[in-house]
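Worksheet: the structure to be examined is printed underneath.
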Amino acid sequence: MPESPFRTRQCSASAVLVGLPSFMLVLREATAALVRSEINRRSLRDMALKERRDILSDIIPIDTRIQFGQELPGEADAIYHLVDQAGLEGMVSKRHDSKYRSGQSTNWLKIKSYEIAEYEILGVEREAGKPACALRADRASGKYIGSAFINSSRAIRERLWRRVQEHAGPPPKGMRRPATQWVKPGLIGRVKHLRGEEDLRHASLQDFREEGT
């Protein structure tokens, strides 16, 4: 189990989930429901969280892609443990008496859950003014599945770039990325990424190794 990111002692977490959720889908549909409340001339901004939740529970229809999640009061560490064990992307915790305010606030926290897995490195993309990225492929299928920021130590970055240059290879079929130095097969990267999504998000390269080592 990863170390809990919480520093507060208690929280009350609530979620709107069906199966393994897409956070962006949940956000879009929940926002649409709240907008309908505004259209009905009921301002929600100065209501406490509990009042807003009561309104939201009445708006969301039954048997749709989105469901109203019951709150989970209790110790933050225990709730995060359940979220991590379920393989979810993360959790949102809010204070019961908090009112809606735009901008950053400690009254509303989204805690993300990450995992580390290995992928084949296809090449390194270096564009002026942007962080370098490692292009990744699924090890079983060889299919390109996205990029990962190379924000590891300087020593690892330099060692990776030297390795890629020494074993330069042709681009995979159908891939055209002019700023990329492609590498021959056999380079495996350890990538940390957000869990709970089909498409890997918030990915960063932690380290790399030669296949078979």
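A short reminder: the numbers here are calculations on the coordinates, not readings from a lab. The structure displayed is predicted, hence computed values, not measured ones. FYI the Cβ positions are ideal-geometry reconstructions off the backbone, even for glycines, and counts take in every protein chain you see.
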Nitroxide proxy distance, nm - points 7 Å out along Cα→Cβ at GLU118 and ALA168 = 2.8 nm
Which of PHE68, PHE208 has the fewest Cβ neighbours within 10 Å, and the rest in rising order = PHE68, PHE208
request  = Among the listed pairs LYS110/LYS130; LYS94/LYS143; LYS94/LYS130; LYS112/LYS143; LYS50/LYS112; LYS130/LYS173, give every one whose C-alpha distance is greater than 32 Å.
outcome  = LYS94/LYS143; LYS94/LYS130
remark   = Most exposed first, judged by fewest Cβ atoms within 10 angstrom, LYS94, LYS184, LYS112 run LYS184, LYS112, LYS94
FRET efficiency, LYS50 to GLN85 (Cβ-Cβ, R0 25 Å, nearest 0.05) = 0.35
ask   = Residue-wise, which Karplus ³J(HN,Hα) couplings in Hz belong to region 180-192, taking 6.51 cos²θ - 1.76 cosθ + 1.60, θ = phi - 60°, and x for glycine or proline?
value = 9, 9, 7, 10, 5, x, x, 10, 10, x, 8, 10, 9
query = Which ³J(HN,Hα) values, rounded to whole Hz and listed in residue order, are derived for region 111-125 from phi using the Karplus coefficients 6.51, -1.76 and 1.60 in 6.51 cos²θ - 1.76 cosθ + 1.60 with θ = phi - 60°, glycine and proline given as x?
reply = 9, 8, 10, 10, 9, 10, 9, 9, 9, 6, 8, 8, x, 10, 9
message = So if I average 1/r over every pair of distinct C-alpha atoms in region 58-149 and take the inverse, what Kirkwood radius in Å does that give?
response = 17.4 Å
Full-extension gain in nm, ARG176 to ASP63, via 0.36 nm per residue minus C-alpha separation = 36.3 nm
query = Can you pull out the GluC sites (Glu not before Pro) in region 126-171 that DSSP calls coil and that have at most 14 other Cβ atoms within 10 Å?
reply = GLU127
task = May I ask you to list the trypsin sites (Lys or Arg not before Pro) in region 123-184 that are in a DSSP loop and have at most 11 other Cβ atoms within 10 Å of their Cβ?
result = LYS143, LYS173, ARG176
key: Overall Cα dimensions of region 114-210, principal axis frame, Å, largest first   = 35, 31, 28
